[in-house]
């Protein structure tokens, strides 16, 4: 019951943040039409578009080496075509649909292929602990790093300054909490897992505000 409630709360937070991101994108891109984008693309030389497509394909091919090395580390053999499929689907979701999650898609594919087994119970806690430690450090550094002054002005009519400062403060608290909980995740403490999931809400909201401040869309 508790796990189901925690999972549903995580889904609800993700959907709310996704809706907020769509509203912000609609607000920022309402002055642009798809014809403007098509006109800009037509000004790019076809050779550059072909080169961009080639480098994109090459990038996904190189990313398959991560999965191949991981499988080699756990001494599990699998055909490269299956590795490429799992890697491609996982990174497509990670790069374009973060609300779904590439790790979930990759896990389902490898489970269907019979790769996920006893080794996952031994590796997963260490991976979660490392990710939690890295996320906490990134949040603390991100909150302490000052934003560019010019990029703060466009948020004046969207969010009040106290809301932005509160998001940074919550992000710093979440970062400190993730650093502390990393040890609990490594030791497989259930409470540490649930607290980490609970901290993902303020962590995501603060990260979204930081991205909005530092990455304003431009054409």
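Read the figures in this text as sums done on the coordinates, not as results from a lab. All figures in this text were calculated on a predicted structure; none of them were measured in a lab. With ideal geometry, Cβ positions are generated from the backbone for all residues, glycine too; neighbour counts draw on all protein chains shown.
A few points about this structure:
- The label point for residue 30 and the one for residue 180, both projected 7 Å from the Cα toward the Cβ, are 4.2 nm apart.
- Simple spin-label estimate for residue 78 and residue 131 gives 1.6 nm between the two label positions (7 Å along the Cα-to-Cβ direction from each Cα).
- With R₀ set to 35 Å, the beta-carbon distance separating residue 108 from residue 20 gives a calculated FRET efficiency near 0.80.
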